[in-house]
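Written out below as structure tokens is the structure these notes cover.
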Amino acid sequence: MAALAPVLVSLAAAVLILASGRRPNLREGWTLAAAGAKFLFVLLLLPAALAGRPAEAVLLEISPGVRLALRADALGVAFALVSSGLWILTSVYSIGYMRGLKEPKQTRYFASFAVCLSAAVGVAFAANLLTFILFYEILTVATYPLVIHKQTPEAIRAGRKYLAYTLTAGVLLIAAAAVVFRATGSLDFAPGGMKGLAGAGPGTVKAVFYLFLAGVGVKAAVMPLHGWLPTAMIAPTPVSALLHAVAVVKAGVFGVLRVVGFVFGPRLMAEHGFDVILAAFAAATVLLASLLAFRQDNLKRRLAYSTIGHLSYIVLGAALLAPTAYAGAVMHMAFHATLKITLFFCAGAIYVNLRRENVSDLDGVGRAMPWTMAAFALGAVGLAGIPPLNGFVGKWYLGLGAAAAGRTAAVYLLVGSGLLNAGYLFPIVLRAFFKPGRGVEGRREASPLLVVPLLATAVLSLILGLWPDLGFKFFELARTAAASLAGGIP
Amino acid sequence: MPILNSSPALPVVLLLPTAIAIPIVALLRKRLAYILTVAVMAVVTVISALNMAKVLDGGPIHYWLGGWFPPIGIEYVLDRLSAFVILVVNAVAFLVLAHSRRLVDREIPDPGKHVPYYAVALLMLCGFNGILVTGDFFNLYVWLEICSLSLYGLVAVGSRKSAVAAFRYLIMGTVGACFYLLGLGFLFTVTGTLNMADLKAIFPQVAGQPTAVIGLVLMVVGFGLKMALFPLHGWLPDAYTQAPSSSSALIAPIGTKVAAYVLIRVLFFVFGVEYVRQAVPVTQVIGGLAAAGILFGSVMAMAQKELKRMLAYSSVAQIGYIGLGIGLANPLGFVGAVLHVMNHAVMKALLFLAAGHFRMKLGHSTVPEFDESVRRRMPWTTAAFAVGALSMVGLPPAVGFFSKWYLALGAVGRSNWVFLGVILLSSLLNAVYFFRVIERLYFVRGKTTAGSPEDAPAAVRAEAPWPMLVPVLILAAAIIGLGLLNAVVVKGILAAAVPPGMG
């Protein structure tokens, strides 16, 4: 039941949060306690995952022949560590942000957040497709109140768009699962691919592939299914930070990694040429998103397009089918998270402190908020893939894997997009520090509740860049996950 | 106990005299009508549960009324399918009737009708129980007439508009019953028997004759109309909308399901899967019409502004799921259809009861006039409604997801991609109109609450009283609980109820 604890702790917290609406400090206390507990529970699962004996929790039968089952394997623990760890920091940040802006509906906010995290860990540990779908759909519905938080007509429209995309994707996933179940008699994820799927007819396999592509592709923001993400930036920044840079979209790319590695498997992907198709979509997304980022003046939208691009690094890594690339993808899933959340935290701090949202208004901001912009600078350097930040590590392995697979075009793409990243992020840092400010004289840094988390994530990114295995063993986890695809360790 | 040997007949035997006794007893105290109703429904539900257990243990139970054997006597048969549907019908009816007192007092203007309401409701349930347990075609017609007339009565009581809706329902319903009787007559002439098991034995000999085929088709049309299978659904929207909320909550979850049960019973257990698929492809037609009904109902529901009308069209779509399961005619389709009988009963009862709460406390159930203040005033009702709505959309682990899952598996099994597409598309269409309501209830700023801090004073609270809340919350809990435990129902009961020759 050790695998179940992380999922349940935040569900319990959600109930407690709803009950403590009248006492904000108690309410926030539940969030922080649950976040801490969840992270600890996931950490406890780390050794077993690395040793190839993942903790399991098999619950009731949810459909004849299929049980609600959790399995904390290396890939799942990697994702769960990222989500739960960053939840702690995001919760602290949320408190600063929501109180700083005197936002209404905080109880709903914190409760929804808790349920989202529960669902995210459920997705991470799901041992079969039906469990995966269950938590995936809960994640969709639990994020809705967060997207729509501001309750303005614009927010409501964004919420509808979000639901339209994600519910459609959910339905396609159900179709995919139904076909897989009929074809193979099982829904269990198997490292290296589900055995029965190889035996199903080519038409069936193709249909399943496209259904899955759309099904997980929406949350993974693969173009052209990415449309919901920029619009969803209407949500409060901590929501954008965690959910859209870490939990929701990472659940999408996690889904891609699961489907490629544990449903189809490298052999089947290569056999039918699915890897090429997936790589094509991913590559196009990386390029287009990076280019589109240049055109966004709204800082959060620029960051959204940047996320879309980076998510497709992970998809590309999966599509390359090389173990090194897969490991790189898993690492980037974790490392991009710390970098992107830093940038979003900075954007939020700037908004709370100075009420500025657009890049063109950020001149001289660095002088008023040096810590924030320093963290932003670190994040930008990391996203451009420059060592010693952790963004380099993931990209390095992706590149190695691409070269090993003989796909040099992918290597050029990785390098090129790194340059593009620098192109749309560095000028922000430059104007913040070196251009004369307008209206920022005498303004001071944002509240410590905001600045401490963003510095923490920035420093974390630096530390993980230097020692990727420190503490949480992301490097080991990634390698174990990739190795399991060869049919060795579970 | 000797009385338990007649347990198949007990529900009917208890309900009929009680229904007749209610107006008499209520002369002493009006409240007794309600109390007696709830009491007898509780007893009947317990008996249904015991019967289910008995059938699971020992196999089908046969009971011959008066000890006279067929083909002269009337036979009652309890097998897994009928015991299951009976349990669902009685349990849901019990919860709704337990809830009904205040809605009846509020929504039915003429106080002289309050007592007869309960009598008629019990008569209707008596009719339902009879239909579900009988093994004789003509006995089925008798119960059908009893429950139909009661149904019309339950719809008609209320405002003047209710009477018009009920009249339309009466006309169409009587036509449907006549079709059934006509079909039965044709079948009787070729087979010489009215007993279901008998007819099943004799039918293969006469299967080729045009009379037999016509008889089958007429029966199907008759019950298709009672089931509100598209395009024979015309009576439903008005009837469900104009009926008082307690009636809607009673008939919407159950009425059409009983008709669907008869269709399943007759098609698969009497005529046989082989015949209705290959020789006379009735199932294909039903499946096609059901698919059309799903789309039609969902689209029409999206266009509705009034909550009850929206739920009514939604019901047309949901009946389509059951029809789709019948159309697939394979084990998973069958399981999906029968499971949906239970799922939809629980979900729709909850939704209509919640609508009743809204009407009672707000004076209306018009969706565009909902806003956050509704949630503030009635948080529990709104939360329960949200659970029901999300289940209808198909969010796991709520019960609604699993009907679609099994039907999807059944459609894949028949390689029927159109049906699969319809099932999944309908989830999205459901999401449109249900999320619209959720959006309004939770996220649209009220005129009085705009900009106010989140926790309004408790004085604003105007939740429904707890005797009304308890059944609603029980139903909401059932939606999640039965969802998580659906494999128990499927494996324990439904899998073994699959008709012979299927799959």
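Just so it is clear, none of the values below were taken in a lab; they were calculated from the coordinates. Not measured: the values here are computed from a predicted model. Neighbour counts are summed over all protein chains in view; Cβ atoms, including those assigned to glycine, are modelled from backbone coordinates with ideal geometry.
Seen from residue A:331, the other residues with C-beta closer than 12 Å to its C-beta sum to a net charge of +1, counting Lys and Arg as +1 and Asp and Glu as -1. Subtracting the Cα-Cα distance of residue A:22 and residue A:298 from 0.36 nm times their residue separation leaves 95.8 nm of extension gain. Screening chain A for whole DSSP H helices with an alpha carbon extent of at least 27 angstrom along the helix axis and a mean Kyte-Doolittle hydropathy of at least -0.5 yields A:24-44, A:74-100, A:106-125, A:153-184, A:274-294, A:299-319, A:323-354, A:408-434. What angle do you read, to the nearest 10 degrees and between 0 and 90, between the alpha-carbon axis of helix B:114-133 and the longest principal axis of chain B? The two axes meet at around 40 degrees. Site pair residue B:167 and residue A:33 shows an inter-label distance of 6.5 nm when each label is modelled 7 Å from Cα along Cα→Cβ. For chain B, the longest principal axis of the alpha carbon atoms and the long axis of helix B:245-264 meet at an angle near 20°.
Counting every alpha-carbon pair across segment B:56-192, the share separated by more than 19 Å comes to 61%.
Under the simplified labelling scheme, the residue A:161-residue B:62 pair shows an inter-label distance of 6.7 nm, with each label point 7 Å from Cα along Cα→Cβ. For segment B:143-276, the percent of C-alpha pairs falling in each 5 Å distance bin, counted from 0 to the bin holding the largest distance, reads 2, 11, 20, 22, 15, 11, 9, 7, 3, 1, 0.
Semi-axis lengths, largest first, of the ellipsoid equivalent to segment A:151-267 are 31, 14, 10 Å, with √(5λ) applied to each eigenvalue of the Cα gyration tensor. Restricting attention to segment B:300-503, lysine pairs at least eight places apart or on different chains and with alpha-carbon atoms under 22 angstrom apart total 9. In straight-distance terms, cross-link reach from residue A:105 covers every one of the aspartates and glutamates whose alpha-carbon lies under 17 Å from its own, apart from those fewer than eight places away in the same chain; here that gives A:28, B:371, B:372, B:439, B:454, B:455. Gain on full extension, evaluated as 0.36 nm per residue between residue A:400 and residue A:291 minus their Cα-Cα distance, stands at 36.8 nm.
In straight-distance terms, cross-link reach from residue A:219 covers every one of the lysines whose alpha-carbon lies under 17 Å from its own, apart from those fewer than eight places away in the same chain; here that gives A:161, A:250, A:340. With all projection directions averaged, the alpha carbon convex hull of segment A:155-211 covers 4.6 nm².
Sorted from greatest to least, the principal axis extents spanned by the alpha carbons of segment B:300-503 come out as 62, 32, 25 Å.
Rg and Dmax of segment A:105-194, both derived from C-alpha coordinates alone, stand at 15.5, 47 Å.
So if R0 is 41 Å, what FRET efficiency would residue B:142 and residue B:418 give, r being the distance between their Cβ atoms, rounded to the nearest 0.05? Result of the calculation: an efficiency of 0.55.
Pairwise inverse Cα distances across chain B, averaged and inverted, put the Kirkwood hydrodynamic radius at 22.8 Å. Rounded to the nearest 5, the antiparallel percentage of DSSP beta bridges internal to chain A is 100%. Take the Cα of residue B:53, step 7 Å toward its Cβ, do the same at residue A:206, and the gap between the two points is 5.6 nm. Just so you know, the averaged projected area of the alpha carbon convex hull for the protein assembly as shown sits at 39.6 nm². Past 18 Å, Cα to Cα: identify those pairs from B:113/B:161; B:54/B:257; A:300/A:395, in the order given. In this structure, B:54/B:257; A:300/A:395 exceed 18 Å between Cα atoms.
The distance linking segment B:136-172 with segment A:48-92 is 54 Å (Cα centroid to Cα centroid, whole angstrom). Note on segment A:297-374 and segment A:232-258: Cα centroid distance 12 Å, given to the nearest whole angstrom. Between the Cα long axis of helix B:417-443 and the first principal axis of chain B there is an angle of about 30°, rounded to the nearest 10.
Full extension of the chain between residue A:271 and residue A:435 yields a length gain of 53.6 nm, computed as 0.36 nm times the residue separation minus the alpha carbon distance. Packing, taken as the mean count of other beta carbons within 10 Å per residue, orders the peptides B:286-294, A:408-416, A:273-281, B:425-433 from highest to lowest as B:286-294, B:425-433, A:273-281, A:408-416. Of the Cα atoms belonging to chain A, the radius of gyration and Dmax stand at 21.0, 70 Å.
Taking amide H as placed 1.01 Å from N in the peptide plane, the amide H of residue A:298 sits under 5 Å from that of A:359, each at least 5 places away or on another chain.
Listed by chain and number, the aspartates and glutamates placed with their C-alpha closer than 19 angstrom to that of residue B:200 are B:75, B:79, B:136, B:274; residues fewer than eight positions away on the same chain are left out.
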